[in-house]
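Taking it in order: structure first as structure tokens, then the write-up.
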Amino acid sequence: MNLLNSINSPRDLKELNNNQLKELAGELREAIIETVSKNGGHLAPNLGVVELTLAVHKVFDTSRDRIVFDVGHQCYVHKLLTGRRNEFYTLRKYGGVSGFPRCSESNHDAFGTGHSSTSISAALGLALARDMSGEKYSVAAIIGDGAMTGGMAFEALNHAGHLGTDFIVILNDNEMSIGENVGGLSKYLTRIRTDPMYSRGKDEIENLLKKLPIGKQVLKVADRLKDSLKYLVVPGMIFEELGFTYLGPIDGHNIDETINILKQAKAMKGPILVHVITQKGKGYKPAEENPDKFHGTGPFDIVSGEALKKNSAPTYTSVFSDTLIKLAGENKKIIAITAAMASGTGLDKFAQHYPDRFFDVGIAEQHAVTLAAGMAIKGYKPVVALYSTFLQRGYDQVLHDVCLQNLPVVFAIDRAGIVGDDGATHQGLFDITFLRSIPNITIMAPKDENELQHMLKTALELPGPCAVRYPRGAGIGSPMDEEPLALPVGKAEVLRRGSDVTLAAIGNMVPLVEEAAGELAKLGVQAAVINARFIKPLDDQCIAHYAAETGRLITVEEHVLAGGFGSSVLEMLEAKGLHNIKVNRLGIKDEFVEHGAPSIMREKYGLTVDNIVMKALHMVGKRPKLHAAQK
């Protein structure tokens, strides 16, 4: 790591020749593999952009020039080069370096990102602000071909081409997003990538036209001839038609070539698109061979590439996948839809069983939801599987296209709750709030993996829209029933009766309150435990009965308190005139949850057995004897 240890800021790169940059690229890959193998993180995307990032920092001055990373899961090289090398071992750990760009972390981070397809819009905004302020610096967006499938990217390209603003889009084309890319744009880029005529065709045509006699009429003919010949030689010119000057494609692992083309782009006027071809996972064989597996990974053994942590309990994702496959075998109207998250949501297995009933729309959540609505209106049962943090991107479509028409679309909301090391951009802590206010929708959350299969069965039998939210990772090892059975809609489950305090919880917090009730019993406090199951419709009768009987109620949820499960319980009690009940709501307060292990974050926000016990003891007037977090 001799060269890397000498890099304290991008200015140090200016002194290195291209051979030294190639040596540095190897050291950067070693550092990234070493850290991610211990901490987990986005490995394959970062290994693929090592030379590209070095070239960017060689050509641009990121203390002044503004470089926006789309999504941001490819910014590790950038972080190592911009003064965070000594802290890089803390990557994605609580209080450590974030896995995504953050303006508060470094002046070299131009824009905070975490969700796909936003970089061109942000970069265009930065460029327009620069021009309006009369300043002089370069602005560039680095966006992957997967992110280019998102509609927001096209909206920004369309606007930028219309304005003619000086800025650069660097298209990092590695043929993948998280999984294999889908759609017309992917096929278009493949044609460009594989056609040897492309890179020389346009220049040769223009050189030919320069030799034509000059004259007003001849120029008009020449322009028309250039366009005609261009379309004969080049397989599509979508970017130039949008108003961009297109440069490329080039080998993004060739530092010399990449530096030269970025210098050329920097010197040009108007919107420029530089097409760079890279290999996801470059330099680490397991990641090269399985780039989807190593897109985002937990800790792993460097030699074998195998994960270090294995849990015998099935994951919620796998239970969802297996149950949906089983139910689809019984009902040919069941359709599965996702947005570039086939493996992450478990629908890759569904696609193998029922390829004609599986649709991956690319990074286009809005389209996924309305596509489902169109199918539902013709009698099909679409299941849209998305992470909670990405469902936010389709909110208008959920409200307007699905719920307003009361269509039977099922939203399988994976990664609901505290997600952990990916941090604020990926926490699934808002879905209850933004869904609960919409009429017609039913919202459920299972207490364990066994209940998840029953909830999916229930959701598919409902005549209107339904959302089932479940957490990331392994279940609790609950025994699995042989067959999924429909649950009575809007009915809670009483797990324990008690006379002193009522503990009502939703989803993965139910086992926590069960354990707390056991600890309270040892201290002479009898707690009733309610697994609410349904957030909407709420089981008013059950919760109100036990709340009134004990006079004390604690609600627990891994979700923001504002508008969440506890809020719905408070609204219900107010509507029933039950104003004398003491209520304490446990959940996430009004702030964004940063990155860190879920266990650390639950401790921070009081979602622990000790804190539930302490709150209950205070409510019943007993002195707590536990070392609990004060919340």
Fewest-first ranking of 337, 506, using other Cβ atoms within 10 Å as the exposure measure: 337, 506
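Can you check how the C-alpha radius of gyration of region 479-631 compares to 2.2 N^0.38 Å, as a plain ratio? Don't jump to the answer; show the numbers that get you there.
On the way: Rg = 15.2 Å, N = 153, 2.2 N^0.38 = 14.9 Å.
For region 479-631, the normalised Cα radius of gyration is 1.02.
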Bridge type composition, the chain - antiparallel percent by DSSP, nearest 5: 15
Extension gain, residue 86 back to residue 489 (0.36 nm per residue minus Cα-Cα distance, nm): 139.7 nm
Extension gain, residue 290 back to residue 523 (0.36 nm per residue minus Cα-Cα distance, nm): 78.6 nm
Theoretical FRET efficiency, 1/(1+(r/R0)^6), r = Cβ-Cβ of residue 245 and residue 400, R0 41 Å, to 0.05: 0.60
Summed side-chain charge close to residue 434 - residues other than residue 434 whose Cβ falls under 13 Å, Lys, Arg +1, Asp, Glu -1: +2
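I need the calculated FRET efficiency for the pair residue 576 and residue 515, taking r as the beta carbon distance and R₀ as 41 Å, to the nearest 0.05.
It comes to 0.90.
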Cα-centre dipole for the chain with unit charges at Cβ (Lys and Arg positive, Asp and Glu negative), debye to 20: 720
Separation of the residue 462 and residue 610 label points, Cα + 7 Å toward Cβ, nm: 3.8
Placed amide H near residue 536: partners under 5 Å, 5+ positions off or other chain: 443
Approximate spin-label separation residue 14-residue 312, in nm, with each point projected 7 Å along Cα-to-Cβ: 6.0
Computed over region 316-469: relative contact order in percent, which uses C-alpha pairs under 8 Å that are six or more apart: 23
Rounded to 10°, Cα long-axis angle of helix 609-620 versus longest principal axis of the chain: 40
Whole-number Å³ per residue for the convex hull built on Cα positions in region 316-469: 97
Normalised contact order of the chain, rounded percent, pairs of Cα under 8 Å and 6 or more residues apart: 11
Alpha-carbon spread of the chain, three principal axes, descending order, Å: 96, 59, 50
Relative exposure of 103, 75, 403, judged by other C-beta atoms within 10 Å (fewest first): 103, 403, 75
Table column - 3J(HN,Hα) (Hz), region 322-333, Karplus curve with 6.51, -1.76, 1.60, x for Gly and Pro: 5, 5, 5, 4, 5, 5, 5, x, 9, 9, 6, 8
Region 343-392: trypsin sites (Lys or Arg not before Pro) in DSSP loop, at most 16 other beta carbons within 10 Å: 378
Ranked list, fewest to most other Cβ atoms within 10 Å of each Cβ, for 358, 390, 565: 358, 390, 565
Subset of 293/326; 22/285; 491/576; 326/536 violating a 23 Å alpha-carbon distance limit: 293/326; 326/536
Label-point separation in nm, residue 2 to residue 481, each point 7 Å along Cα→Cβ: 6.7
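Values quoted throughout were computed directly from the atomic coordinates according to the rules given, and no laboratory measurement underlies them. Fair warning: this is a prediction, and the values are worked out from it, not measured in the lab. Virtual Cβ from ideal backbone geometry, glycine too; neighbours counted across all protein chains shown.
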